[in-house]
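Below: the structure, in structure tokens.
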Amino acid sequence: MKRLIVTEAGTGASEYLIRSLRAGDDEFVIVGCHWDQFFLRNSSADRRWLVPPPSDPGYAVAVSRIVEREGIDLILPNADESVAALSAARRRFPGRLFLPRHKVVRVCQDKYALNKFLSRCDVPVPETRAVRHLAGIEAVFRSLGSRSPLWCRIRSGSNSRGAAPVATPEQARSWIRYWSEMRDVPPRDFTLAEYLPGRDFACLMLWNDGTLILAKTCERLSYFFASSQPSGQSSMAGLSKTVHEPRVVETCTRAIRALDPRASGVFSIDLKADGRGEPRITEINAGRLIAQTILLDRAGEHNLTLTYARLALGEPVTLRDEYEAAADHYFVRNVDAEPLLFHASEFFQGIEDGRNTGGAPNRRDTDRRVPRRPSEATTARSRTRFKISGSFDRHALEVLSLELRRVGLTLGFQVTAFEVSSTG
């Protein structure tokens, strides 16, 4: 029976990781550690240990003692801070860490350094400039041309910390000054970049000695507390879904091979699409998984988290260069609510439609009908294009697309495409 230790136990991402492991193999003994006793108390790990924070010089020593005490076979760090601390101290843990090379970890944890590196390697990224001091903001705006707004953010950290769209140098200066004065983040820690208006993707990849083992992709559709954040978004999706996007996987593959031709470990990669729909890499989380992993683990045949653990433990894994894209699975999260995973075909189960105010049949009546699938002859004979005008966010658009597919099956036609265009 293998014994694993998961860092940041009790946080959402680490608890999802534990769930994925147990869903794939209930033979693991899972130990959790955290420096916050309240988070730790919330963990479902079999055993729980309190440790210093990763910024403390004693963190790696404490984890090392737990590893020896518990007979740990594998350490799974699950936040940038713990990845950095354990990567730097990896000689303490021979055979128990499966991380990218330390230089790769360091580059990926500096978003500006990563952006410049990938740009030199012709991997698509947003054009980005470093902020040196507040007096140089106008020069940065001029260097990025006529683009507006620009994306202002801190070059390290997660969950869109310090991120906001800014339309003028004064807005950028005020935003950076606030973070400098109130949060002790110096101006030199910020960047300004072209704003990418398109779709928001995450790609999870597992590599071993330069070989891609498994890749999965999803799209973020809405975000936690988006309406109260200046950026209107974050990496914490309230709603996400699995998608089939070969361009995303191709771009991410180029990036990882540029970083290290013999890459090993897991990489969680964020991308945004530009105005033409082309995905560009905005950040790479090297050596850790993200919350959306549980969605991707439940969709399709292969559990990426379990495959990661088995590969790291030296167990045989037969997958090679596998892109598994089981489309139309959704992941819904909200505060103090159990996360929900479901397929698009299950979306309307148990839901009654109370919006009807006219004489049309209500939802209960339409559910009694047997959905009629169109015949091949009918499909070949007639195709109709419908246009729906309105203002929709990504969340509402997803509901609309599912509703149209349901109505189509009920009335005997098939929705074959759903396109979205902006009128500006």
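The values are calculated or read from the model by the stated rules, or taken from the named source; none is laboratory data. Everything numeric here is computed off the predicted structure, so don't read it as measured data. No Cβ is skipped: glycine too gets one built from the backbone with ideal geometry, and neighbour counts run over all protein chains shown. For the accessible areas, the whole protein counts, side chains as well, though only heavy atoms, and no ligand, DNA or RNA atoms are used. Shrake-Rupley method; radii C 1.70, N 1.55, O 1.52, S 1.80 Å.
Label-to-label distance, PHE392 versus SER146, with points set 7 angstrom from Cα along the beta-carbon direction: 3.2 nm. Once Cα extents along the principal axes in Å is calculated for the structure shown, the corresponding label among [x] 65, 58, 43; [y] 70, 59, 40; [z] 71, 50, 36 turns out to be [y].
Quantify, in whole percent, the carbon and sulfur part of the accessible surface of the chain (1.4 Å probe; protein heavy atoms only). Of all accessible area on the chain, carbon and sulfur atoms account for 48 percent. Between the beta carbons of ARG47 and ARG257, assuming R0 = 51 Å, the FRET efficiency works out to 0.85 to the nearest 0.05.
Subtracting the Cα-Cα distance of ASP122 and SER345 from their residue separation scaled by 0.36 nm leaves 76.3 nm. Listed peptides 299-305, 72-78 appear in the order 72-78, 299-305 once ranked by packing, highest mean of other Cβ atoms within 10 Å at the front. For the range 153-225, averaging the sequence separation of C-alpha pairs within contact (under 8 Å, six or more residues apart) and dividing by the residue count gives a relative contact order of 22 percent. Ligands, DNA and RNA are left out, and with a 1.4 angstrom probe the accessible area of the chain is 51 Å² per residue. For a Förster distance of 35 Å, can you work out the FRET efficiency between the beta-carbons of GLU419 and ALA135, rounded to the nearest 0.05? The computed FRET efficiency comes out at 0.15. A helix-only calculation puts the chain at -9500 deg cm²/dmol for mean residue ellipticity at 222 nm, using -39500 (n - 2.57) for each DSSP H run of at least four residues, averaged over all residues. Compared with the direct C-alpha span, the chain from LYS103 to ALA62 gains 12.4 nm at full extension, assuming 0.36 nm per residue.
Gain in length, ARG92 to HIS244, computed as 0.36 nm per residue apart minus the alpha-carbon separation, to one decimal in nm?
Details: separation 152, 0.36 × 152 = 54.72 nm, distance 4.01 nm.
Length difference between fully extended and current span is 50.7 nm.
Our analysis of the range 42-148 gives Rg over Rh at 1.15, with the two radii drawn from alpha carbon positions and Rh computed by the Kirkwood formula.
Order of 105-114, 92-101 by packing, highest average Cβ count within 10 Å first?
Output ranking for 105-114, 92-101: 105-114, 92-101.
Spatially, the range 92-124 and the range 30-66 are offset by 25 Å when compared through their Cα centroids.
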